[in-house]
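The structure appears below as structure tokens.
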Amino acid sequence: MTEIRSQIRFMLNGVETALSDVRADETLLDYLRLRRSLRGTKEGCAEGDCGACTVLVGRLTPDGLIYESVNACIRFLGSVHGCHVVTVEHLKGQDGALHPVQQAMVDFHGSQCGFCTPGFVMSLYALWMRRADPTEADIEKALQGNLCRCTGYQPIVKAALAISSYGRVDSDVLAGERARVEAALNAFKDGARVEIGQDGQRLVIPASVEDLAAVLEAEPTATIVAGATDVGLWVTKFMREIAPAVFIAHLDELHATSETDGVISIGACVSYTEAFSALSRRIPAFGPLIDRIGGEQVRNMGTIGGNIANGSPIGDTPPPLIALGATLTLRKGESRRTIALEDFFIDYGKQDRRPGEFVERIDVPVPDEGTHYAVYKLTKRRDEDITAALGAFHLTLAADGTVAAVRIAYGGMAATPKRAAAVEAALTGKPWSSETVEAALDAYGKDFAPISDMRASADYRMLAARNLLRRFHLETTSGVSVQVSRYEAA
Amino acid sequence: MNKHATADLKATRILGGVATDQRHDSAHKHVTGTAVYIDDMPEPAGLLHACLGLSTVAHGTIRSIDLSAVRAAPGVIDVLTGHDMPGSNDISPTGRADEPVLATGIVQFFGQPVFAVIAESREQARRACRLAKIDYDEKPFVTDVWDMDRRAGKLVTDPLTLKRGDAAAAIEAAPRRIKGTMRLGGQDHFYLEGQIALAVPGEDMDVTVFSSTQHPSEVQHMVAHVLGVPSHAVTVEIRRMGGGFGGKETQGNQFAALAAVAAKKLGRAVKIRPDRDDDMTATGKRHDFVIDYEVGFDDEGTILGVDYFYAARCGFSSDLSGPVTDRALFHCDNTYYYPAVRAQSAPLYTNTVSNTAFRGFGGPQGMIGCERVVDEIAFALGKDPLDIRRKNFYGTTDRNVTPYHQTVEDNIIHRLVDELEESADYQGRRRAIADFNAGSSVIKRGLALTPLKFGISFTATHFNQAGALVHVYADGSVHLNHGGTEMGQGLYVKIAQIVAEEFQIDIDQVKITATTTGKVPNTSATAASSGSDLNGMAAQAAARTIRDRLCDFAAEKYGVPHEQIEFLPNRVRVGNQEIAFGELTQQAYMARVQLSATGFYKTPKVRWDRDKGEGHPFYYFAYGAACAEVSIDTLTGEYVVERTDILHETGRSLNRAIDIGQIEGGFIQGMGWLTTEELVWDDKGRLRTHAPSTYKIPLASDRPKIFNVTLADWPEAHEPTVHRSKAVGEPPFMLAMCVLHALSDAVAAVGDHTVCPRLDAPATPERVLMAVERVRAQTGA
């Protein structure tokens, strides 16, 4: 029988904290600002886009204690159970000296109005811990989730390049308390389930995946919260009730990735950041895509499982996974079923997930040697923007140069992530030539009738979607990238 | 303990005087999270929170309004409507009485505030707001000036016409003529700190309002007006804003007024901080424009006559649309001389939020129209746009009269552009790009160099005044206050530098204090790039008054003539001896010398007769030039800015570090306006881009890959401005025009530069791709 506790435990800056009065929908940001008067952390947008609320969350992983930047505005307080929360107030040394990140920002004139600055400091701090001598590309990637309206970013990037000349990571405040924090976080992991509150405020933190299965069987309509990059907005923007909420991001079993017989298995709670290396090493096209999902904070929180489970028509991972023929394993209690990923999406906002079921893992076949695979995401702003249209292409050519098999899937073109079945049919068996491609463009009209919205017009979506096939053809036949790029190819 | 004991009494130069690269005075607080914004202030006991209830139709009369469920919601203390304003339910900044605090009877845009909930917590107030039941009798509405007869639409304020010569005749007689229309999008300010006000009731009629505002005096007047009390009852204070950009010039009034009304009614402190969506929905933005133009020119590309019609989406009320659309006309010339010109504005009524001030204040829109005209001429003649630009530059001794009949006396654009053309290797890259494009079918590159001239002064002459208050304490430390507000632009540190310079004391002896209407009255908005020009002069005047008194005192006490008294770093030479500054002030105090003074400044020379369209509205002009290179993907419209080179001037800079920050930041903000920042209204009149998830300002990774910013070190202000420095707040914003034109140039490459792409703004990837398609269709490429 699982032990049940009614208290979450975490470290806040230097102090071990235990709370039994936590609401399911209480955000970490409100807790910090309203209950702890830690007002260095700001609210800019309450939707995880501007980064003014950036804090670090340290958690124990198989690789030890790691710190990641997250958006406190959409992170739920309950989900920091077992973690170390670090705010900007923690950076200053005992002697009042500025932290190297802070001093560099001051010296390079990295702040003007200053409101976004604590968030930038925290994002740069996370980067610095990971990579003390970052490239400009590393810095820009780490700052995709931080908006500054004053500086134009130039002085901030210059400051970031200089941090290492101000101090060393191993003599830094978090390095100094590392052993103590690790001990504390290990002690928090006592194998108990946490349940707090009643009715509209109830939250559950299962002890394990087995326990999660049991909890969901008992409460099949509970809101499952993994990274909260979607559910967080249900609360902050729409004030929806989410209780009872079941937090799952801490479950180690759901963070695992593995590869067997050319199939990569991804646990439901694997974050974009965690998935990056596992996927992009074997399927290089995933790297640039993941780099353009959200900002760093969102990639640290958001999960591929959640991106699928919530069924958004503009979720970025389903189309490329569908093009690869990925499958989804859903679990209810002790029973499991595995379906083709594309079959999971029934209609807008409607997925094939039954009460009490949860997404356990995604299995992704690695494309065969010699096949062509590409993913193209179109947005208004290149980085940290929600997709206008996204195309994923997986092409197998026969020895004679004809299309042996092709799987094409799009996001942003229909009410769900969707395969371009008519286009595929128009290509299959034909020579992989520009004539074939041009002739297949008509078939888009059979597959898609996209909408116009604030991200793009229907006309643009159709035109650009077709042009992505042209681009795919050009790239597969020329072997070089036919795209504008900020960074030289790695 | 006199801190001056630690000041360096042998220094040859003070720390932090003018023309030094001081850091922002709050930088160390920004990075540690200890800089206090209004929402960070310790909250008064019993603080209540307000939330706005917004209309859910774009235009309609209110048939019935049922707020009973709102009132009954948990934590709700009170609900206010427009009928609850004790004085006047009006916050129109220009006295036109066309903008209610809370709408009564009729709503005129989707998202207009109709009621306000006051509750124990912010969350309770937000939740309760959603329980209102309001029944509207919906009326037809228009959100976009594109859809209306722009010459006959309803106006929110008086239009303006600028005229010199007979434009129609000149165009008619010209060898070549072009006519066209351009669309330009608006822009949300996206200050990181949203609107916020905290009102603390006092005794009698008094109330103190902490307001995130660029214009404390106006907030004071508006709060007094809405409360029906004299201005003396209202004190408005602001230490710093988390960004303003014009969005807090008038837009804070509503929040301040509501907080004050609720605080006085309930006898408790009230805070109102709208969430980002409400902030973006219910507050004004940059005006979007449709610009009709017709130009006559000769075969060499010299403009002979031009006619502009600037139609602006103003929203439902006038707000600042009059002066904004006026300023668009004032910049329809940019750096170009028009032998004959007519420019007309149409500030049009729409059922959208009332548009307002935004960095550049109509100037950017005015210039963009004229740069389009230059591009049209270049394409028509098959010439490089830079040649056409140069050909039409204002002269220095002739061809130098503006459409508003002011003579340009300080023109330095020729040298700036020549230097930038050279340093950016414009000609070399022009050839390299042509070669690249010849060999690249999908990716095309583009290059453009655009000049800039921006008029400095409020066009409303009476705003060109400022006050300051300086106290010198007996220990020699200085308390500085002035009418300008700090929104990140570094105004406070610049003014402190000026005061430190005046007293010849280290800048750490000068305490910068929050702007408050109780210390310096009747101030102007910190706007129009005028912050340091005006307040710097006022603070300098106040400091000089005290310095003169100290001088008089020293002369008398030590029996030396005035000319033997000299202010040296942290000390004063009196005859043959040197006395520490703090010691002299101590002696002066003991001798009962007044060590406090006010200072005042009004800009000379400025005058403007709006009825005649003639005058000298600008004290001087600021100049700059920028060059951008871009790559576009002609299959998707995606692009990157490969490189930008900027050469800008700020006279004899007070603080180069701060000025460069303004230039870099202004450029990126301008680039956002012209590229990815798009405001979208749907068919219900709803703004759909009301949060950063849908409204895309530039990121670090949108910066030009190579970004060279240089301050021209040779210009100095033509007029005796403070230490011969020049304004820098707004002008750099318009440097970003080069990005739009570089994108246009890349699109034009698809058709071998034979047709003008007429690329409108914002040039989103979608607009770029559609322009590519247009050029392809026109040229058969």
Exercise. Only one of (1) of a type outside the set (A, V, I, L, M, F, W, C); (2) surrounded by fewer than 19 Cβ atoms within 10 Å (Cβ to Cβ); (3) within 16 Å of B:GLY624 (Cα to Cα) fails for B:ASN411. Which number is that?
Worked result: (2)
Problem set entry | Sole residue being at pLDDT 95 or above, surrounded by fewer than 24 Cβ atoms within 10 Å (Cβ to Cβ) and among the charged types (D, E, K, R), chosen from B:LYS271, B:LYS248, B:LYS285, B:LYS265 | B:LYS265
For this session: Considering only the stretch A:363-384, state which residues are acidic (Asp, Glu), within 25 Å of the chain's Cα centre (by Cα) and farther than 17 Å from A:ILE304 by Cα.
Result: A:ASP383
Seminar exercise, completed: Scanning the stretch A:245-301 residue by residue, the ones that are of a type in the set (Lys, Arg) and without any contact (Cβ under 8 Å) to a residue 12 or more places away in the chain total 1
Exercise. Restricted to the stretch A:13-34, and to residues that are more than 27 Å from B:LEU699 (Cα to Cα) and part of a helix (DSSP H, G or I), which residue is nearest to the other protein chains (Cβ to nearest Cβ)?
Worked result: A:LEU34
Problem set entry | Count of residues meeting criterion [more than 7 Å from chain A (Cβ to nearest Cβ) and either part of a loop (DSSP other than H, G, I, E, B) or surrounded by fewer than 22 Cβ atoms within 10 Å (Cβ to Cβ) (or both)] in the stretch B:671-707 | 14
For this session: Pick out the one residue from A:PHE115, A:PHE76, A:PHE108 that is buried (at least 24 other Cβ atoms within 10 Å of the Cβ), under 27 Å from B:VAL493 (Cα atoms) and either in contact with a Phe, Trp or Tyr (Cβ under 8 Å, 6 or more places away or on another chain) or of a type outside the set (Val, Ile, Thr) (or both).
Result: A:PHE115
For this session: Among the residues of the stretch A:365-379, write down those that are under 23 Å from A:THR428 (Cα atoms), among the aliphatic types (A, V, I, L, M) and assigned to a strand (DSSP E or B).
Result: A:ALA374, A:VAL375
Exercise. Does the stretch A:121-134 contain any residue that is touching a Lys or Arg at 6+ places or on another chain (Cβ under 9 Å) and buried (at least 24 other Cβ atoms within 10 Å of the Cβ)?
Worked result: no
For this session: Considering each residue of the stretch B:84-143, count those that are over 19 Å from B:GLN254 (Cβ atoms), surrounded by fewer than 16 Cβ atoms within 10 Å (Cβ to Cβ) and out of contact with any strand residue (DSSP E or B) (no Cβ under 8 Å at 6 or more places or on another chain), and give that number.
Result: 2
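Of the residues A:CYS50, A:CYS45, which single one is within 12 Å of another protein chain (Cβ to nearest Cβ) and either touching a strand residue (DSSP E or B) at 6+ places or on another chain (Cβ under 6 Å) or closer than 20 Å to A:THR273 by Cα (or both)? Quick ask: steps written out before the conclusion?
Details: A:CYS45 fails: either touching a strand residue (DSSP E or B) at 6+ places or on another chain (Cβ under 6 Å) or closer than 20 Å to A:THR273 by Cα (or both).
After ruling out the rest, the residue left standing is A:CYS50.
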Exercise. Restricting attention to the stretch A:210-268, and to residues there that are hydroxyl-bearing (Ser, Thr, Tyr) and assigned to a loop (DSSP other than H, G, I, E, B), which single residue is nearest to A:ILE322 (Cα to Cα)?
Worked result: A:THR229
For this session: With respect to A:MET122, determine if the residue is modelled with pLDDT of 95 or more, within 29 Å of B:GLU486 (Cβ to Cβ), outside any loop (DSSP other than H, G, I, E, B) and more than 9 Å from chain B (Cβ to nearest Cβ).
Result: yes
Problem set entry | Single condition B:PRO100 does not satisfy, out of (1) within 28 Å of the chain's Cα centre (by Cα); (2) more than 26 Å from B:HIS221 (Cα to Cα) | (2)
Exercise. Looking at the stretch A:380-420, which of the residues that are surrounded by fewer than 19 Cβ atoms within 10 Å (Cβ to Cβ) and part of a loop (DSSP other than H, G, I, E, B) is farthest from the other protein chains (Cβ to nearest Cβ)?
Worked result: A:ALA399
Exercise. Out of all the residues in the stretch B:2-38, which are within 14 Å of chain A (Cβ to nearest Cβ) and surrounded by fewer than 21 Cβ atoms within 10 Å (Cβ to Cβ)?
Worked result: B:THR20, B:ASP21, B:ARG23, B:HIS28, B:LYS29, B:THR34, B:VAL36
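A quick yes/no check of all residues on (1) in contact (Cβ under 8 Å) with a residue 12 or more places away in the chain; (2) at the interface with chain B (Cβ under 10 Å from one of its Cβ atoms):
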site: A:ASP442; (1), (2): yes, no
site: A:ALA449; (1), (2): yes, no
site: A:MET454; (1), (2): no, yes
site: A:SER457; (1), (2): no, yes
site: A:ARG461; (1), (2): yes, yes
site: A:ASN467; (1), (2): no, yes
site: A:THR476; (1), (2): yes, no
site: A:SER481; (1), (2): no, yes
For this session: Provide a single number: the residues in the stretch A:147-181 that are within 12 Å of chain B (Cβ to nearest Cβ), small (Gly, Ala, Ser) and touching a His at 6+ places or on another chain (Cβ under 8 Å).
Result: 0
Problem set entry | Those strands (runs of 3 or more DSSP E) lying entirely in the stretch B:128-243 with at least 1 residues within 24 Å of the chain's Cα centre (by Cα), farther than 23 Å from B:ALA514 by Cα and at pLDDT 95 or above | B:161-164, B:176-184
Problem set entry | Per-region count, the stretch A:92-118, residues more than 7 Å from chain B (Cβ to nearest Cβ) and farther than 17 Å from B:GLY665 by Cβ | 11
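Condition first: assigned to a loop (DSSP other than H, G, I, E, B) and of a type outside the set (S, T, N, Q). Now tell me which residues in the stretch A:429-448 satisfy that.
A:GLY429, A:LYS430, A:TRP432, A:PHE448
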Seminar exercise, completed: Checking B:ASP475, B:ASP425, B:ASP418, B:ASP384 in turn, the sole residue that is farther than 23 Å from B:ALA626 by Cα and either surrounded by fewer than 23 Cβ atoms within 10 Å (Cβ to Cβ) or outside the structural domain of B:GLU502 (by TED's automatic domain parsing) (or both) turns out to be B:ASP475
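The values are calculated or read from the model by the stated rules, or taken from the named source; none is laboratory data. Owing to the predicted nature of the structure, the values given are computational and were not obtained by experimental measurement. Cβ coordinates were reconstructed from backbone atoms using ideal geometry, including for glycine residues, and neighbour counts include every protein chain displayed.
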